[in-house]
Amino acid sequence: MKEISQEEIKSIQIEILSNVDAFCKKNGLKYSLAYGTLIGAVRHKGFIPWDDDIDIIMPRQDYDRFVLEYKSSRYDILSYKRDTCCHTAFAEVYDNRTILIHGRHSFGVFIDVFPVDGLPEKSLLDKYVDAFLKKQEAVIRKRKPYVNSNEKFKEYLFFCIKNLLFPRRRTTYISEFESFYNTHNVFTSPNAGCLANYSVNKEKEIMPAYIFSEYIELPFEGQNYMCLKHYDEFLKNIYGNYMELPPEEKRVGHHAFKTYWKE
């Protein structure tokens with residue numbers, strides 16, 4: 001297999017993003033560039049020079065439709081809603097012509113798609129977030145291991161034994177989780193946030209819901225993509241002074257993986 005260069009990876013990611021953008025606009029779905037990708041759009045009008053991925057966010061209602069309806073001959077979705085082997089609470093759209101090897105992950109060059117959930121008022125937040133994360137974790141724990149080598153056989157065997165001893169269906173956990181998060185609509189709740197990414201940013205992910213209510217387009221690598229109109233509040237909430245460049249020693253990518261063309 002031929003290894004894919006870093007510049008090729010970025011080019012593939014842009015192609016995925018453009019395809020997702022076209023699908024969302026055709027079907028009336030909202031999304032926004034997010035995290036380092038959004039900083040890149042605002043500060044560099046493209047990738048942060050040392051960045052190596054693309055992140056987008058979607059209001060939960062749009063996200064749920066997207067992961068169920070999105071179809072492409074070149075790109076596939078990895079999501080707990082569609083794949084029993086998915087071990088994340090968010091989705092990845094990946095190029096099925098490629099293979100990416102990173103720990104247990106061996107699908108393809110991808111972009112991340114995170115759901116944004118509506119959250120209750122401040123007095124109820126702690127209890128609600130705790131329950132949300134527990135239900136979310138129950139769904140992820142119930143996944144089927146992705147067995148791509150002999151070393152994963154033990155994990156698969158453990159999964160089978162656990163399900164024999166505790167036969168509750170994974171679909172039950174998913175149904176309970178979906179019923180729970182649907183009690184708060186992103187556009188009518190006082191607060192909102194990406195709790196699928198809570199383990200990374202903690203309370204910084206929780207912010208006033210109006211931040212996710214309006215969208216504009218900003219340039220990124222020569223094309224315009226949807227972004228939060230209130231991107232400044234979103235980025236300040238998570239990063240503080242996001243316009244200030246980090247020290248040189250911190251200007252590195254976050255992922256260590258190898259990528260290859262299948263043919």
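Odds and ends about this structure:
- Rounded to the nearest 20 debye, dipole of the chain from Cβ charges on Lys, Arg, Asp, Glu: 1120
- Listed candidates [x] 28, 26, 17; [y] 41, 25, 18; [z] 32, 23, 16 - label of the one calculated as semi-axes √(5λ) of the Cα gyration tensor in Å: [x]
- Beta bridges per DSSP with both ends in the chain, % antiparallel, nearest 5: 85
- Looking at the chain, the accessible area is 51 square angstrom per residue; that uses a 1.4 Å probe and ignores ligands, DNA and RNA.
- Karplus-derived 3J(HN,Hα) values for the stretch 221-231, using 6.51 cos²θ - 1.76 cosθ + 1.60 with θ = phi - 60°, are 6, x, 10, 9, 10, 5, 9, 4, 4, 9, 4 Hz; glycine and proline are entered as x.
- Heavy atoms of F257: accessible area, 1.4 Å probe, square angstrom to 10: 40
- Cβ-based net charge around S5, under 14 Å, with every Lys or Arg adding one and every Asp or Glu removing one: -1
- The chain - percent of accessible surface contributed by carbon and sulfur, probe 1.4 Å: 52
- Which listed pairs, of K25/K250; K45/K134; K229/K258; K10/K30, have C-alpha distances above 32 Å, in listed order: K25/K250; K45/K134; K229/K258
- The H on the amide N of D52, modeled in the peptide plane, is under 5 Å from the matching H of H254, each at least 5 residues off or on a different chain.
- Dipole of the stretch 204-244 [Lys/Arg +1, Asp/Glu -1 at C-beta], most positive-end residue of I211, Y231, Y242: I211
- Prolate/oblate/rounded label for the stretch 185-230 (Cα gyration tensor, a/c 1.5): oblate
- With a 1.4 Å probe rolled over the protein heavy atoms of all chains, the accessible area of K250, K122 falls in the order K122, K250, largest first.
- Gaussian network model of the chain, Cα within-10 Å springs - most flexible of R169, R65, R74: R169
- Over the chain, Cα pairs under 8 Å with separation of 6+ residues give a relative contact order of 26 percent.
- Solvent-accessible area of L100 with every protein chain in place, 1.4 Å probe, in Å² to the nearest 10: 0
- Straight-line reach from K2: taking Cα to Cα under 17 Å and skipping same-chain neighbours fewer than 8 places apart, the aspartates and glutamates in range are D95, E263.
The values are calculated or read from the model by the stated rules, or taken from the named source; none is laboratory data. Since the model is a prediction, treat every value here as computed from it, not as a measurement. Quick reminder, even Gly has a Cβ in these numbers, built from the backbone with ideal geometry, and neighbours come from all protein chains shown. Keep in mind that these areas ignore ligands, DNA and RNA; they rest on the heavy atoms of the full protein, side chains included. Shrake-Rupley method; radii C 1.70, N 1.55, O 1.52, S 1.80 Å.
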